[in-house]
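Peer 1: Have a look at this one.
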Amino acid sequence: MKAKTKTKRVFIPGCSLSSYNPELVEKTIKYLKNKLPGTGAILKCCGKPTKALGQYDEFKERYAGLQKEIDALGADEIIVACQSCYLTMSASSPEQNVRSLWALMPEIGMPEGTVGKAKDSDITFGVHDSCSTRDRDDIHEGIRWIIEQLGYNTEEPPHTKGDTRCCGFGGMVVPANPDLAQQIMEKRTDEFETDYLVTYCAACRASMYKGGKKAVHILDLIFGDVWTSESDFPDLEGSVASWVNRYKTKKKIQEVLS
Amino acid sequence: MQLTEKVLNEMNEVIDDCLADEPPYCQARCPLDIDVQGYITLIRDGKYKEAIRLIREKTIFPGVLGRVCAHPCEEECKRGELEEALSIKNLKRFAADMADDPADWDLSRKAETGKKVAVIGAGPSGAVAAYHLQKEGHQVSIYEKLPEVGGMLRFGIPAYRLPHDIIDYEYSILDKLGVETHLNTEVGKDIEFAQLKEDFDAVYVAAGAHKGIMIPIDGADLDGVLIGADFLRDAALGNEVEMGKKIVVIGGGNVAMDVARTAWRLGAEEINVACLESGNQIPAHSWEIEDAEEEGIIMNPGWGPKEIMGEDKVEGISFKKCEQVFDNEGNFNPAYCEETIRELEADTVIFAIGQRAEDSFVEAEDVELNETDEITLQSETENVFVGGDCKGTPLLAVEAMSHGRKAAISIDRYLKDEDLFENRENEGAYESKLEKEIDPEEPVRRRVDMRMIDVEERKNNFDEVELGFNIAEAKGEALRCLECECKECIKDCLMLEKYCDSPKALFQEVKDVGIDPLVYYSCNMCSQCTLVCPKEFELKDRFMDLRKLAVKENNGESPIKGHKAIKWHQRLGFSKFFTTSQPASDKEEDSK
Ligand SMILES: Cc1cc2nc3c(=O)[nH]c(=O)nc-3n(C[C@H](O)[C@H](O)[C@H](O)COP(=O)(O)OP(=O)(O)OC[C@H]3O[C@@H](n4cnc5c(N)ncnc54)[C@H](O)[C@@H]3O)c2cc1C
Ligand code: SF4
Ligand code: SF4
Ligand code: SF4
């Protein structure tokens, strides 16, 4: 039975996270629902890839489609888990307040049972910041707060936070110039001593993996089992698997918010 | 690709203001624009031939400058902010010592123009002008009053600092190029200036400043009072110098140091140098003073000459305390305390307080030596140009050479009937626009000192004092160079490194011929470049501009093959099958 709660805000997980891991999206929505009643969700691309290619007219059309959905739900706040979405939506949805999940978590608290869970892990995670939100200190601080709450040790590379380096994925370079992108990925992973990296963007995670590291998404740390040197780390999801994941994500969202 | 005005304007900003081709501090300060960083890194890499070739692109005097250049570049060297400037001058000498070979000299000349140019004075300024003009295909004749070439390089600077064989060796390029040099030919005496003006298409006056200045104090006409410039010239010519054992040199500049050190070599037993200035106002370079003091010369700063005492011959000199050299406006306006007097016993007093140009040979002409144009060095008489020391301000040798080049450019244009003023902003020294910051991790590296012959061995001869660098010393010194340049963006971006020499050059190429779309589709849009760019250029926006234009010209699609798939991803990402929109629900949660 569908409950009649007003939709105050909407969580938009974004394409890359949905393609990466439906369970993480599911758990995030449950968490938000619990902490912030009145949270809906939308799974739809924001059209950023077209913008990145320079197709501004097409982008406008695409984004209008998303905006229509947001307005239809009546949400005045958008919560995002992707930095690219964060920038795109901040710029394109002036009527909504756009918040990053990573800056929000310190305000609303960690999911129950997660604080201190990893204090015995033997892993040190290198933190890779997304370059698109290099000037958002609140996001950098939120991410570090989350990892500290979980109890993992961290390593900061020479270029970090505001001075972070691109993972190699930005600007749609991978399909255009895969060899160069590969070099950029390796240049970035070379900055870390540790073999284990944590990102907060699924595309960055894939890049760090291609750069030769064991890499997880921060939601893997929050909602997954405790990671140790014994764990099986995720590899790359193929194109078909990605679309299967997206479909699963859609189903999970519908389930949780039914 | 058709660039819109807006896109073009923003791109032009990068083309105009990008610092990629801005020379380092040292080179910008060099009046001859020598590629200092270039030759230093070549020396570091052991490429001595290449180093000397690079130096010779800008000067025919590497050995001369490598010994006596007053190295204004070193004052601007970025490394100076850390511990000490690079030893730029000494490294130049090293390159010359190691690898200069007349067989490698570029003796090519442009086709004969049939034009003739006269140069008055075989000092460094005249020599450089002659060299460039001869290379341009004109026929140059130098007229020199003295029996040998070099001007003040030979007749001012003593041989223990600049051996005469080095001067002759480096001047020999003029002969090889076919410059005619007439020694022992004084203009105004052996040949008239009016005649030169008549016989030649253009004249460059580079007669230097050789008339020593005297102060008309009591006793200045006594036997034993000498003039520094004459004293040095006589010493250089090997003439007998009438000098006693107790010498007082008046003056605090580099010339005074050369006079004192020359007197010491000629057998003087006690040498005092007295000057008006004290502390860091003393005009001589600190290293000149140090070298002089090492040879036992006594400095007496802050004293002005009052009277030279003696019957017919000098017996002593008295001084009054100098309390101010320059007034508040910065003008030379000495003030003395007439009560505080000091006397020194002396049999010889040598004035070394400055030299003026001897300009009697142009007196009848429409030429005012010190009133020629600053940018072109042209005088009121169209075909007469004036530069070097005779223009009125005492210069460094390297500045006199820079005048020579400037005059040559002007004369060449004049002979070809071209505009003399166009495009001359960056001739000579200027300020570099670089905004380099020293890496905080840069280790301290001490400047390598030049080895010198022992003080005892310097007495009674004019052997060269400085011994030059050996390979290890040169390498060690060259390693200190910070290689100042901008290109910060390129150091931080693989894409830029792969596709361009600099953003400036890249966007110029976009304008001129266009570039492969792959270049602007290889930008990660990460802003790393903006972060490190002193001009904060948003290169990603420039690349995005190009993407937008490319899409416009390609029916709304990216021109890149690999981007075809994205179109399909986008369609799927918006299709009903893969999208959902769920309002909030307060159904109880089973798990938290
Ligand atoms: C003692 C001394 C030490 C110096 N030390 C240094 C130093 O360490 N580093 C540095 O950078 N600079 C130094 N300088 C300055 C430098 O030597 C001069 O700035 C430079 O030589 C000037 O070059 P120039 O060609 O203009 O004139 P000059 O070198 O003076 O040459 C002019 C030539 O013109 C000739 N001439 C003059 N009148 C006539 C005429 N009527 N007819 C024909 N020929 C004529 C002269 O004989 C002379 O050969 C020193 C100068 C002196 C005096
Ligand atoms: S550090 Fe090197 S490049 Fe920089 S100013 Fe000094 S000599 Fe020139
Ligand atoms: S950082 Fe790059 S773009 Fe900026 S001024 Fe320097 S060379 Fe030019
Ligand atoms: S924004 Fe583009 S050009 Fe600038 S550093 Fe990133 S990838 Fe390189």
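Peer 1: Relative to the longest principal axis of chain B, what angle (0 to 90°, nearest 10) does the C-alpha long axis of helix B:397-415 take?
Peer 2: Roughly 70 degrees, rounded to the nearest 10.
Peer 1: A further question follows. Would you mind giving the three semi-axes, in whole Å and largest first, of the ellipsoid equivalent to the range B:441-509 according to its Cα gyration tensor? List each step's numbers first, then the result.
Peer 2: On the way: eigenvalues 412, 41, 15 Å².
Those come to 45, 14, 9 Å.
Peer 1: Restricting the count to DSSP beta bridges whose residues both fall in the protein assembly as shown, what percent are antiparallel, rounded to a multiple of 5?
Peer 2: 30
Peer 1: Given points 7 Å out from each Cα along the Cα-Cβ axis, report the B:Glu5 to A:Asp135 separation in nanometres with one decimal.
Peer 2: It works out to 2.8 nm between the two label points.
Peer 1: For B:Lys58, go through the lysines and keep the ones whose alpha-carbon is under 20 Å away, minus same-chain ones fewer than eight residues off.
Peer 2: B:Lys47, B:Lys49, B:Lys89, B:Lys92, B:Lys110, B:Lys135, B:Lys176, B:Lys406
Peer 1: Considering only the other residues whose Cβ falls under 11 Å of the Cβ of A:Ser92, what net charge follows from Lys and Arg at +1 and Asp and Glu at -1?
Peer 2: Values: positive: A:Lys48, A:Lys51, A:Lys60, A:Arg62; negative: A:Glu95.
Summing Lys and Arg as +1 and Asp and Glu as -1 gives +3.
Peer 1: How big is the antiparallel share of DSSP beta bridges in the range B:214-354, given as a percent to the nearest 5? All intermediate terms of the calculation are to be shown ahead of the outcome.
Peer 2: Numbers: 15 of 33 bridges.
Looking only at bridges with both residues in the range B:214-354, the antiparallel portion is about 45 percent.
Peer 1: What number, rounded to the nearest 500 deg cm²/dmol, is the helix-based mean residue ellipticity at 222 nm of the protein assembly as shown, given -39500 (n - 2.57) per DSSP H run of at least four residues and division by all its residues?
Peer 2: Working: 35 runs with 334 residues, N = 850.
Using -39500 (n - 2.57) per qualifying helix, the result is -11500 deg cm²/dmol.
Peer 1: For chain A, which longest stretch is free of loop sites, where a loop site is one of the GluC sites (Glu not before Pro) that DSSP puts outside H, G, I, E and B and that has at most 15 other Cβ atoms within 10 Å? Please list the in-between numbers first.
Peer 2: Numbers: sites that count: A:Glu95, A:Glu112, A:Glu193, A:Glu230.
That would be A:1-94.
Peer 1: Continuing with the same structure: Kirkwood hydrodynamic radius of the range B:419-459 from all distinct Cα pairs, in Å? Don't jump to the answer; show the numbers that get you there.
Peer 2: On the way: mean 1/r = 0.0610 Å⁻¹.
Result for the range B:419-459, one decimal place: 16.4 Å.
Peer 1: Continuing with this model, one more query. Tell me which lysines have Cα within less than 18 Å of B:Lys321's Cα, excluding those fewer than 8 residues away on the same chain?
Peer 2: Reachable lysines: B:Lys306.
Peer 1: Per residue of A:174-181, what is the mean number of Cβ atoms on other protein chains within 10 angstrom of that residue's Cβ?
Peer 2: On the way: counts 2, 10, 13, 10, 1, 2, 7, 4.
Partner-chain Cβ atoms within 10 Å, mean over residues of A:174-181: 6.
Peer 1: Next question, about the same structure. How far is helix B:124-135 tilted, in degrees, relative to the longest principal axis of the Cα atoms in chain B, given as a value from 0 to 90 rounded to the nearest 10?
Peer 2: Tilt relative to chain B: about 50 degrees.
Peer 1: Determine, from the Cβ-Cβ distance of B:Asp218 and B:Asn239 and an R0 of 35 Å, the FRET efficiency 1/(1 + (r/R0)^6), rounded to the nearest 0.05.
Peer 2: Values: r = 29 Å, r/R0 = 0.82.
That gives a FRET efficiency of 0.75.
Peer 1: Can you tell me the order of B:84-96, B:164-176, B:513-525 when each peptide is scored by its average per-residue count of other Cβ atoms within 10 angstrom, highest first?
Peer 2: Values: B:84-96: 24.8, B:164-176: 17.5, B:513-525: 19.5.
Per-residue Cβ counts within 10 Å, averaged per peptide and sorted highest first, yield B:84-96, B:513-525, B:164-176.
Peer 1: Let me ask something else about it. Taking the alpha-carbon centroid of each part, what is the distance from the range B:444-512 to the range B:156-235 in angstrom?
Peer 2: When both Cα centres are located, 35 Å separates them.
Peer 1: Related question: Can you return the lysines within cross-link range of B:Lys145? Criterion is Cα-Cα under 16 Å, with same-chain partners fewer than 8 residues away left out.
Peer 2: Partners found: B:Lys189, B:Lys211.
Peer 1: For A:Gln254, put the label point 7 Å out on the Cα→Cβ axis and report which residues of the range B:538-578 keep their amide N under 12 Å from it.
Peer 2: B:576-578
Peer 1: From the Cα trace of the range B:214-354, what convex hull volume per residue do you get, rounded to a whole Å³? Could the numbers behind the result be given before it?
Peer 2: Details: hull volume 14.5 nm³, N = 141.
Convex hull volume per residue, Cα atoms: 103 Å³.
Peer 1: Out of every Cα pair in the range A:1-101, what percent are spaced more than 24 Å from each other?
Peer 2: 19
Peer 1: Where in the range B:76-116 does the label zone of B:Asp175 land, with the point 7 angstrom along Cα→C-beta and an amide N cut-off under 17 Å?
Peer 2: The answer is B:101-107, whose backbone nitrogens lie closer than 17 Å to the label point.
Peer 1: Further question: Just to confirm a number: summing +1 for Lys and Arg and -1 for Asp and Glu over residues other than B:Asn470 whose beta-carbon lies under 13 angstrom from that of B:Asn470, what do you get? Walk me through the numbers before you get to the answer.
Peer 2: On the way: positive: B:Arg93, B:Arg451, B:Lys475; negative: B:Asp97, B:Asp449, B:Glu466, B:Glu473, B:Glu477.
Within the 13 Å Cβ shell, the charges total -2.
Peer 1: Sticking with this one: Counting only pairs 8 or more places apart or on different chains, how many lysine pairs in the range A:113-223 have C-alpha atoms closer than 19 Å?
Peer 2: On the way: A:Lys161/A:Lys187; A:Lys187/A:Lys210; A:Lys187/A:Lys213; A:Lys187/A:Lys214.
Lysine pairs meeting both conditions in the range A:113-223 amount to 4.
Peer 1: Another question, then. Rank these for me by crowding, A:Val256, A:Val198, going from fewest to most other beta carbons within 10 Å.
Peer 2: Values: A:Val256 20, A:Val198 26.
Going from least to most buried by this count: A:Val256, A:Val198.
Peer 1: Ranking request for peptides B:482-493, B:556-567, B:429-440: highest mean number of other beta-carbon atoms within 10 Å first, then the rest in descending order. Walk me through the intermediate numbers first.
Peer 2: Numbers: B:482-493: 19.6, B:556-567: 16.4, B:429-440: 12.8.
Descending mean neighbour count gives B:482-493, B:556-567, B:429-440.
Peer 1: Give me the Debye-computed log₁₀ of I(q)/I(0) at q = 0.15, 0.19 Å⁻¹ for the range A:113-206, equal point scatterers on Cα only, no solvent, two decimals.
Peer 2: -0.60, -0.90
Peer 1: Right, something else. Highest first, please rank the peptides B:470-478, B:332-340 by the mean number of other Cβ atoms sitting within 10 Å of their residues. Provide the component values of the computation, followed by the final result.
Peer 2: Numbers: B:470-478: 18.0, B:332-340: 11.4.
Listed from highest to lowest mean packing, they are B:470-478, B:332-340.
Peer 1: Here is a further query. Going by a ≥ b ≥ c, the root eigenvalues of the Cα gyration tensor, does chain A fall in the rounded group (a/c under 1.5), the prolate group (a/b larger than b/c) or the oblate group?
Peer 2: Numbers: a/c = 1.64, a/b = 1.19, b/c = 1.38.
In terms of gyration-tensor shape, oblate.
Peer 1: Over the Cα atoms of the protein assembly as shown, how large are the radius of gyration and the largest Cα-Cα distance (Dmax), in Å?
Peer 2: That works out to 38.3, 128 Å for Rg and Dmax.
Peer 1: Give me a single rounded figure for B:560-569: the average over its residues of other chain Cβ atoms within 10 Å of their Cβ.
Peer 2: Numbers: counts 6, 2, 7, 7, 1, 2, 8, 5, 0, 8.
Going residue by residue through B:560-569 and averaging, the value is 5.
Peer 1: Also: Shielding of B:521-534 by partners, i.e. mean partner chain Cβ atoms within 10 Å per residue?
Peer 2: Values: counts 9, 9, 8, 16, 10, 14, 6, 8, 0, 0, 7, 1, 0, 0.
Other-chain Cβ atoms within 10 Å of each residue's Cβ, averaged: 6.
Peer 1: If one computes the Cα centroid of the range B:283-350 and of the range A:143-222, what distance in Å separates the two points?
Peer 2: Distance between centres, Cα-based: 71 Å.
Peer 1: Based on the Cβ-Cβ distance from B:Glu339 to B:Asp463, what FRET efficiency comes out when R0 is 56 Å, to the nearest 0.05?
Peer 2: Numbers: r = 46 Å, r/R0 = 0.82.
Using R0 = 56 Å, I get an efficiency of 0.75.
Peer 1: Of A:Gly14, A:Gly38, A:Leu24, whose Cα points farthest to the positive end of the dipole of the range A:1-104 (charges on the beta-carbon: +1 Lys, Arg; -1 Asp, Glu; origin at the Cα centre)?
Peer 2: Result: A:Gly38.
Peer 1: What are the residues whose amide H is under 5 Å from the amide H of B:Glu315, where those residues sit 5 or more places off or on another chain and H is modelled from the backbone?
Peer 2: It is B:Met309, B:Gly310, by chain and number.
Peer 1: Taking the 0 to 90 degree range and rounding to the nearest ten, how far is the long axis of helix B:254-265 tilted relative to the main principal axis of chain B, both from C-alpha atoms?
Peer 2: In chain B, helix B:254-265 runs at an angle near 50 degrees to the longest axis.
Peer 1: Okay, next question. Project the alpha carbons of chain B onto their principal axes and report the range along each, largest first, in whole Å.
Peer 2: Cα spread of chain B along its principal axes, largest to smallest: 120, 68, 48 Å.
Readers should treat all values here as calculations from the given coordinates under stated rules, not as data from a laboratory. Just so we're clear, the structure is a prediction, and the values are computed from it rather than from any experiment. Glycine gets a Cβ as well: all are built from the backbone with ideal geometry, and neighbour counts include every protein chain shown.
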